[in-house]
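Only one structure is covered here, and it is reproduced in the block below.
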Amino acid sequence: MNNADTGWMLLSTALVLLMTPALAFFYGGLVRSKNALNTMMMSFVALGPVAVIWALLGYSLAFAPGSPVIGSLSFAGLRGVGVEAQGAIPHLLFMAFQGTFAIITPALISGAVVERMRFNAYLAFITAWVLLVYAPVAHWVWGGGFLASMGALDFAGGAVVHVNAASAALVAALVVGPRKDYGRHAILPHNVPFTMLGAGLLWFGWFGFNAGSALSAGTTASLAFANTLLAPAAALASWTLIDLLRGGTVTAVGAATAIVVGLVVVTPAAGYISPLSAIVMGAMGAMPSYFALIYRAKTKLDDSLDVVAAHGLGGATGAILTGVFADAAWSGGPSGLLAGHPAQLLTQLVSVVIVLLYSGAATLVILKALALVMPLRIDSRDEKLGLDVSDHGEEAYTHGDGAILVKPRAAAVAPGAAGVVAVPGEDPSTSLGAGGL
Amino acid sequence: MKLIVAIVRPEQLSDVLEQLFHAEVRGLTISRVQGHGGEMEHVENYRGTSVKMALAEKVRLEIGVSNHFVQPTIDAILAGARTGEVGDGKIMVLPIEKIVRIRTGEEDQDAVTPVQSA
């Protein structure tokens with residue numbers, strides 16, 4: 001056990017936790033104002049039930065010694081997970097660090113179903129998903145499962161987090177169906193500054209995500225840290241260049257997206273590649289997502305906030321390019337195509353396909369099962385009104401005009417009877433009269 | 001010439017505009033307003049505070065039209081704005097004394113006749 005390593009991991013865990021509220025801002029700015037709170041809550045709420053279920057069960061399924069396919073129940077209820085060493089840091093801290101990954105991964109999926117999925121159904125879905133999909137996939141790669149034995153490289157979760165969430169997002173968008181207004185009316189982001197704030201905070205938190213995945217404070221963490229700076233920078237630069245070369249303008253939403261794509265691309269590679277490779281990877285990795293975003297908007301697939309284009313393609317590109325750029329001189333072990341080890345490329349490709357197929361299939365089963373007991377989407381009247389009011393009974397931007405305090409004894413007063421607003425304890429004649437507009 | 005003032009649900013605005021453009025009604029002004037029209041107020045909760053939202057968000061359209069456009073305009077608004085539930089809004093038709101198009105100084109009928117695009 002080493003106190004420097006422990007200190008860095010304490011900080012990293014907090015940094016990764018911040019990414020979930022950051023994602024709430026990133027996504028929240030991109031939707032219409034009537035759905036702002038609902039969209040932000042879809043990310044925020046993962047901080048509750050998902051974290052609890054992770055501590056009680058998910059962590060054990062992912063990281064307790066078990067079979068190549070799944071962990072076991074030996075850490076269930078955090079049994080045996082104490083402050084003794086797990087590598088260089090306390091076991092409990094490792095559990096918390098991994099917990100922050102388990103929280104943000106299902107929250108990523110929400111981008112595909114915003115503005116129409118019922119909040120209750122979403123809540124049930126992500127809680128089931130983290131146990132049935134995230135925990136086993138994390139076990140395959142990081143918990144000593146079969147993808148780890150195969151030699152698949154996934155430094156901080158290109159496949160485990162991003163391909164996994166994006167595959168689920170694709171299936172969820174198809175099962176829940178498109179928004180009624182999709183393709184009929186223009187649906188515009190209501191607060192682009194929120195999206196930029198979210199992108200900035202995501203980048204900040206991502207230093208913990210990638211450099212923390214070294215699980216120590218040494219050279220590997222420093223490499224991953226520098227690469228987390230360089231790859232998104234290169235993605236942003238190449239995104240900007242493509243914008244300009246195509247004769248367009250450099251947009252703010254585009255810049256925010258480019259940063260996230262660059263972060264996603266470098267995630268699986270962060271501790272395995274040279275800093276120059278990180279620049280190349282970031283620049284190359286931005287391209288598939290750039291064109292996929294443009295293409296997707298012309299299709300019938302209402303992956304509303306482009307989880308597939310940003311996280312799916314970015315994650316897959318990053319995972320595959322890891323098999324090209326991994327370099328033993330920097331990683332201290334694994335190497336890829338350019339270092340004369342072409343088989344790694346194939347391993348990477350296989351691991352992406354396996355995660356993609358399992359996540360998609362399991363998500364389909366979970367959603368179809370949930371649909372048997374509860375409707376997955378809100379009715380069309382509520383969809384028009386917005387989910388903030390229908391599913392949360394709040395509004396993001398309210399002036400408070402005409403808001404009448406409901407006092408406890410007011411329960412007997414019929415709301416809005418005959419057009420008269422009765423204010424308990426006040427003379428009804430001062431209220432708005434019948435026939436008032 | 002009449003001034004048509006319509007109060008509609010904000011969530012129906014896109015449908016109303018679509019209908020109006022189909023009916024070739026080209027000139028209009030909208031404003032975001034709040035009002036109370038007898039609909040059920042919904043209750044919102046903020047921490048321990050419950051409030052009944054007595055004023056609902058609405059959109060007001062103002063459209064100056066020549067006489068033979070009054071009925072098509074009303075029909076278009078009805079088609080776009082009606083959901084069948086309390087709170088769909090109102091359409092009011094008011095007489096107009098005079099209209100002047102600022103750009104040209106044209107008055108009345110000429111002022112509300114859309115410019116034929118070249």
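The values are calculated or read from the model by the stated rules, or taken from the named source; none is laboratory data. Predicted model, so just to flag it, every value in this text is computed and none were measured. When we count neighbours, we look across all protein chains shown, and the Cβ atoms used for this are built from the backbone with ideal geometry, even at glycine. Heavy atoms of the whole protein, side chains included, go into the accessibility calculation; ligands, DNA and RNA do not. Shrake-Rupley method; radii C 1.70, N 1.55, O 1.52, S 1.80 Å.
Remarks
- Where the alpha-carbon atoms of segment A:181-248 are placed on the principal axes, they occupy 52, 28, 20 Å, in descending order.
- When all alpha carbon pairs of segment A:327-404 are counted in 5 Å bins from zero, the resulting P(r) reads 3, 11, 10, 10, 9, 8, 8, 8, 7, 9, 10, 4, 2, 1, 0 %.
- Applying 1/(1 + (r/R0)^6) with r as the Cβ-Cβ distance of B:ILE30 and A:MET287 and R0 = 35 angstrom yields a FRET efficiency of 0.25.
- Computed on chain A, with alpha-carbon pairs under 8 angstrom and 6+ residues apart, the relative contact order is 21 percent.
- Between B:PHE21 and B:GLU106, the simple spin-label model (points 7 angstrom out along Cα→Cβ) gives 2.2 nm.
- Relative contact order (%) - segment A:43-146, alpha-carbon pairs under 8 angstrom, separation at least six: 41 percent
- Karplus 3J(HN,Hα) series, Hz, for segment B:92-100 with 6.51 cos²θ - 1.76 cosθ + 1.60 (x for Gly, Pro): 10, 10, 10, x, 10, 7, 7, 10, 10
- Degrees separating the helix A:164-176 axis from the principal Cα axis of chain A, which is the longest one: 30 degrees
- A straight Cα-to-Cα reach below 16 Å connects A:LYS298 with the lysines A:LYS180, residues fewer than 8 places away in its own chain not being considered.
- Degrees between helix A:313-325 axis and first principal axis of chain A (Cα, 0 to 90, nearest 10): 10 degrees
- Each part gets one Cα centre, and for segment A:17-63 versus segment A:266-329 those centres are 23 Å apart.
- Over the residues of the protein assembly as shown, the helix contribution to mean residue ellipticity at 222 nm works out to -15500 deg cm²/dmol, using -39500 (n - 2.57) for each DSSP H run of at least 4.
- Inter-chain shielding of B:51-63 (mean C-beta neighbours from other protein chains, 10 Å cut-off): 4
- J(HN,Hα) series, segment A:291-301, from Karplus relation 6.51 cos²θ - 1.76 cosθ + 1.60, nearest Hz, glycine and proline x: 6, 5, 4, 5, 5, 4, 5, 8, 9, 8, 6
- With a threshold of 31 Å on the Cα-Cα distance, the over-threshold entries among B:LYS2/B:LYS58; A:LYS384/B:LYS90; A:LYS368/B:LYS52; A:LYS384/B:LYS98 are A:LYS368/B:LYS52; A:LYS384/B:LYS98.
- In sequence order, segment A:255-262 has phi-based couplings of 5, 4, 5, 4, 4, 5, 4, x Hz under the Karplus curve 6.51 cos²θ - 1.76 cosθ + 1.60, θ = phi - 60°, and Gly or Pro positions carry x.
- Based on Cα contacts under 8 Å between residues 6+ apart, segment B:2-112 shows a relative contact order of 42 percent.
- Counting only other chain Cβ atoms within 10 Å of each residue's Cβ, the peptide A:396-403 averages 5.
- C-alpha center-to-center spacing [segment B:58-118, segment A:78-134] in angstrom: 55 Å
- One compactness figure for the protein assembly as shown is 1.15, namely its Cα radius of gyration divided by 2.2 N^0.38 Å.
- Projected label distance in nm at A:LYS407 and A:TYR182, using a 7 Å step from Cα toward the beta-carbon: 4.8 nm
- Under a 5 Å amide H cut-off, with hydrogens placed 1.01 Å from N, B:HIS42 pairs with B:MET53 among residues at least 5 apart or on other chains.
- Pairing chain A with chain B buries about 2400 Å² of accessible area. This figure sums both sides and uses a 1.4 Å probe.
- Globularity ratio of segment A:217-346, using Cα Rg and 2.2 N^0.38 Å: 1.08
- Residues with amide H under 5 Å from that of A:GLN86, placed H, sequence gap 5 or more: A:HIS91
- Cα gyration tensor category, rounded, prolate or oblate, for segment A:5-108 with a/c compared to 1.5: prolate
- A:ARG246 paired with A:ASP379, simple spin-label distance in nm, labels 7 Å along Cα-to-beta-carbon: 4.1 nm
- Cα coordinate range in segment A:1-59, projected on the principal axes (Å, largest first): 50, 25, 10
- Förster radius 22 Å - calculated FRET efficiency between B:ASN45 and A:PHE44, Cβ distance, rounded to 0.05: 0.85
- Dipole size of chain A about its Cα centre, with +1 on Lys/Arg Cβ and -1 on Asp/Glu Cβ: approximately 680 debye, rounded to the nearest 20.
- Rounded, prolate or oblate (a/c below 1.5 giving rounded, otherwise prolate when a/b exceeds b/c) for segment B:2-112 by Cα gyration tensor: prolate
- Other-chain or far-sequence residues with amide H under 5 Å of B:GLN34's (modelled H): B:LYS58
- Angle of helix B:13-22 to the longest C-alpha principal axis of chain B, folded into 0 to 90 degrees and rounded to 10: 20°.
- For segment B:1-23, there are no residues whose amide N sits under 13 Å from a probe point set 7 Å from the Cα of B:LYS98 along the beta carbon direction.
- Peptide A:380-390 - average C-beta neighbours from other chains (10 Å radius): 2
- Cα shape, segment A:86-160, gyration tensor, a/c 1.5 rule: prolate
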